[in-house]
Amino acid sequence: MPLLVVGSVALDSVETPTDKRENVLGGSAVYFSYAASYFSPVRLMGVVGDDWPAEHTGLLQKRGIDTAGLHVVRGGKTFRWSGKYHEDMNTRDTLEVHLNVFEKFDPVLPADYKRCEFLFLANGSPTVQMKVLDQVGGPRLVVADTMDLWIKIQHDELMKLLKRIDGLVLNDSEAKLLTDDDNLVRAGHKVRRMGPQFVVIKKGEHGAMFFSEHETYVLPAYPTENVIDPTGAGDSFAGGMLGYLAANGEFSPKTLKEAMAYGIIVASFNVEDFSLARMQGIERADLDQRLAEYRKMLTF
Ligand code: AMP
């Protein structure tokens, strides 16, 4: 069952304590769609400028991702983000953001995109996220991501969006900001009471927490010592999670927990190299193998 993702498509420049890369393939919708493609068909909606290398589109298509919704603005420039990681690799500073064509992103979905039953509204303005949601007829599952910027500058819009989605994925610091509560367990449930049926709080190297009316749990990150570049960890986590849900077509507590675990496993591969390099070298079998090891670790 196709899964639709709408979000940023970017050229990233990333600096870690030991290495750096310039203008590499990135963006929330790119990380998400690549990760989800291990599980289900994916349709990508985004915007780029004519500085966008065609081989990037080719790379996504090679994994079967539908890029018919990737709009190229002639004479425009692609969204660019640059960030620098601290020594601990868990925190980073954003050095520069050039929204470029993403600033005026006004997604108009192709006809077959409107029929997608599974929708992920990747990090973006709640106004644009709502516009996308308005175009999709009767989706079965809608999950969104957000960030501190939107919590601060589009709070009311975000609150309206929360009432219309099934799940929200956000970082620990964002959950605290949104609820004005430093206790993550309380914060998770407070966000849930703002609208979504379930909330996932991502905690970087400490894994992810899940909240629904009847469940509260935390899953650890898969312990990898080979952290090269954490960029896109959150988006690849969400891609793995939603890809698995779309493939299964149901959202029982058991399936949701398995989906969380797959999200954690895909993210653990993603951080092992810059951009999509590590994910390009794996297949579904690699994910299953690491998931089996992870499952063993959690059984006692
Ligand atoms: P993550 O590490 O999961 O937070 O995702 C990082 C990705 O998000 C990078 O590839 C960036 O291009 C993209 N990104 C950074 N800032 C923004 C923003 N304000 N809106 C949308 N995407 C962004």
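The values are calculated or read from the model by the stated rules, or taken from the named source; none is laboratory data. Small disclaimer: the values here were computed from a predicted structure and weren't measured. Neighbour counts are summed over all protein chains in view; Cβ atoms, including those assigned to glycine, are modelled from backbone coordinates with ideal geometry.
Annotation: ASP93 fulfils all but one of (1) charged (D, E, K, R); (2) over 26 Å from ILE228 (Cα atoms); (3) in contact with a Lys or Arg (Cβ under 7 Å, 6 or more places away or on another chain); the unmet one is (2). All of VAL218, VAL199 fail the test of being buried (at least 21 other Cβ atoms within 10 Å of the Cβ), more than 16 Å from the ligand (Cβ to nearest atom) and not in a helix (DSSP H, G or I), apart from VAL199. Restricting the search to helices (runs of 4 or more DSSP H) fully inside segment 90-185 and requiring at least 3 residues that are surrounded by 21 or more Cβ atoms within 10 Å (Cβ to Cβ) gives 126-135, 172-179.
In segment 203-210, the condition of being assigned to a helix (DSSP H, G or I), closer than 28 Å to TYR85 by Cα and at pLDDT 95 or above is met by no residue. Of all residues in segment 21-42, those satisfying the criterion of being among the aromatic types (Phe, Trp, Tyr) and either without any contact (Cβ under 8 Å) to a residue 12 or more places away in the chain or in a loop (DSSP other than H, G, I, E, B) (or both) are TYR38, PHE39.
Take the conditions aliphatic (A, V, I, L, M) and either in a loop (DSSP other than H, G, I, E, B) or crowded, with 16+ Cβ neighbours inside 10 Å (or both) and apply them to VAL48. Does it pass? If you could, list the steps in order and put the result at the bottom.
On the way: aliphatic (A, V, I, L, M): yes; either in a loop (DSSP other than H, G, I, E, B) or crowded, with 16+ Cβ neighbours inside 10 Å (or both): yes.
Yes.
Counting the residues of segment 264-282 that are in contact (Cβ under 8 Å) with a residue 60 or more places away in the chain, under 14 Å from the mean Cα position of the chain (by Cα) and assigned to a helix (DSSP H, G or I) gives 3. Being in contact (Cβ under 8 Å) with a residue 24 or more places away in the chain, under 20 Å from ASP12 (Cβ atoms) and under 19 Å from the mean Cα position of the chain (by Cα) holds for only one residue in GLY204, GLY188, and it is GLY204.
Test THR224 against the criterion of being away from the ligand (no atom under 15 Å from the Cβ), touching a Ser or Thr at 6+ places or on another chain (Cβ under 8 Å) and part of a loop (DSSP other than H, G, I, E, B), and give yes or no. Explain how you work it out, then say what you get.
Working: away from the ligand (no atom under 15 Å from the Cβ): yes; touching a Ser or Thr at 6+ places or on another chain (Cβ under 8 Å): yes; part of a loop (DSSP other than H, G, I, E, B): yes.
For THR224, the condition - away from the ligand (no atom under 15 Å from the Cβ), touching a Ser or Thr at 6+ places or on another chain (Cβ under 8 Å) and part of a loop (DSSP other than H, G, I, E, B) - is met.
Each residue in segment 116-147 was checked for being touching a Ser or Thr at 6+ places or on another chain (Cβ under 7 Å) and at pLDDT below 95, and 2 pass.
Restricting attention to segment 227-252, the residues that are within 12 Å of the ligand (Cβ to nearest atom) and assigned to a helix (DSSP H, G or I) total 7.
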